[in-house]
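K.L.:
One structure is given below, represented as structure tokens, and several questions about it will come after.
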Amino acid sequence: KTGKKYGVRIEGLAFERDILRDMPIWHHVFADPKIRRLTNATTSKCLRSKHELQTVGEAEDLAAPLIEMNGRQSSHRPNNQCNCRDCTEIREVTTCEHPHLCMVRSQELLDTLPPKWDPRVEQPEDYEGNFNNIPRLRGEEIFDYRLTTTGGLSEIFRVFTDRNHTPSNDTYIRRIEMNNNINLSIVATDGSCINNGQDTASAGAGIYFTENDPRNRSLKLPQAVGNIKLTQSNQAAELLA
Ligand SMILES: [Zn+2]
Ligand SMILES: [Zn+2]
Ligand SMILES: [Zn+2]
């Protein structure tokens, strides 16, 4: 509630699985409203009290024996008498007497999550390669092409002054296979603003590959995009670059 008042929101095009898994499963902000009925059901009591289920990741782990991995069926049998390793461990550790039922309930909870928030489905992260391992030279920065927000739960909160904007829950997946021979291009970019801070300010940016390269550009920051007026400033110029 405090978040709503001050315009603190969770926003990003995509989040890494570690973040998705750290989200609380009960009262998950982006879950389908039908999660409330599941939350209040009797079977959820066992998930809370005996399994001490709190996060999306814990729900994913609990429900894991229900899905076949890489075409290999798990040894779990879909009934509460099942004696597979997972069920045996659950009975010992949690004293739950109906592990199968609790696995199914866990899966139902996860099924209320939109794909963007569901760690079980394909995420942009799956196509983004290992950005941190790309070798870089001194003084060289590599353009961060990733859509995925990384770095943990605290990274996902953004403060917005415009309270009426609703973040999108759509997933954007660019299915580009990242292989080991990524072609890196060296590009110089810079932005600048003439008469910065004045009414006559004019912002622009330049992109330079090599001499006479057709990809070289000089760009002027437009005055507006649709109905949104853009401020001509140094910061805007650097962002454009
Ligand atoms: Zn129980
Ligand atoms: Zn089992
Ligand atoms: Zn249980």
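The values are calculated or read from the model by the stated rules, or taken from the named source; none is laboratory data. Because the structure is a prediction, the values reported are computed rather than measured. With ideal geometry, Cβ positions are generated from the backbone for all residues, glycine too; neighbour counts draw on all protein chains shown. Areas reflect the complete protein model, heavy atoms only, side chains present, ligands, DNA and RNA absent. Shrake-Rupley method; radii C 1.70, N 1.55, O 1.52, S 1.80 Å.
K.L.:
Can you sort 208, 127, 145 by solvent-accessible area, 1.4 Å probe, largest first?
P.N.:
Values: 208 110, 127 40, 145 60 Å².
Greatest to least solvent exposure: 208, 145, 127.
K.L.:
Percent of accessible area on region 188-240 owned by carbon and sulfur, 1.4 Å probe? Each step should come with its number before you reach the end.
P.N.:
Numbers: 2100 of 3930 Å².
Carbon and sulfur atoms account for 53 percent of the accessible area of region 188-240.
K.L.:
Related question: With θ taken as phi - 60° and the coefficients 6.51, -1.76 and 1.60, list the Karplus ³J(HN,Hα) couplings across region 120-126 in order, rounded to whole Hz; mark glycine and proline as x.
P.N.:
7, 9, 3, 10, x, 3, 5
K.L.:
Would you mind getting the accessible area per residue of region 112-161, heavy atoms of the protein chains only, 1.4 Å probe, in Å²? Write down the numbers at each step before the final one.
P.N.:
Numbers: 3150 Å² over 50 residues.
The answer is 63 Å² per residue.
K.L.:
In square angstrom, rounded to the nearest 10, how much accessible surface does residue 225 have for a 1.4 Å probe?
P.N.:
80
K.L.:
Sort 129-142, 54-67 by the packing proxy (mean of other Cβ within 10 Å over each peptide's residues), most packed first.
P.N.:
54-67, 129-142
K.L.:
Quick one: accessible surface of residue 21, probe radius 1.4 Å, all protein chains present, in square angstrom to the nearest 10.
P.N.:
Roughly 70 Å² of residue 21 is accessible to a 1.4 Å probe.
K.L.:
For a quick check: with amide H placed at 1.01 Å from N, whose amide H comes under 5 Å from residue 14's, ignoring anything fewer than 5 positions away on the same chain?
P.N.:
149
K.L.:
Computing the accessible area with a 1.4 Å probe over protein heavy atoms, can you report the carbon and sulfur percentage for region 21-117?
P.N.:
Numbers: 2730 of 5690 Å².
That share works out to 48 percent.
K.L.:
Write down the accessible area per residue of region 188-240 in Å², having rolled a 1.4 Å probe over the full set of protein chains. Show your work: numbers first, answer last.
P.N.:
Working: 3930 Å² over 53 residues.
Per residue, region 188-240 has an accessible area of 74 Å².
K.L.:
In what sequence, largest accessible area first, do 229, 116 appear using a 1.4 Å probe? Please list the in-between numbers first.
P.N.:
Numbers: 229 155, 116 10 Å².
Heavy-atom accessible area, descending, gives 229, 116.
K.L.:
Still on this structure, please answer the following. What is region 9-164's relative contact order, in percent, from Cα pairs under 8 angstrom and six or more apart in sequence? Please report the intermediate quantities before stating the final value.
P.N.:
Working: 177 pairs, mean separation 59.0, N = 156.
RCO, region 9-164: 38 percent.
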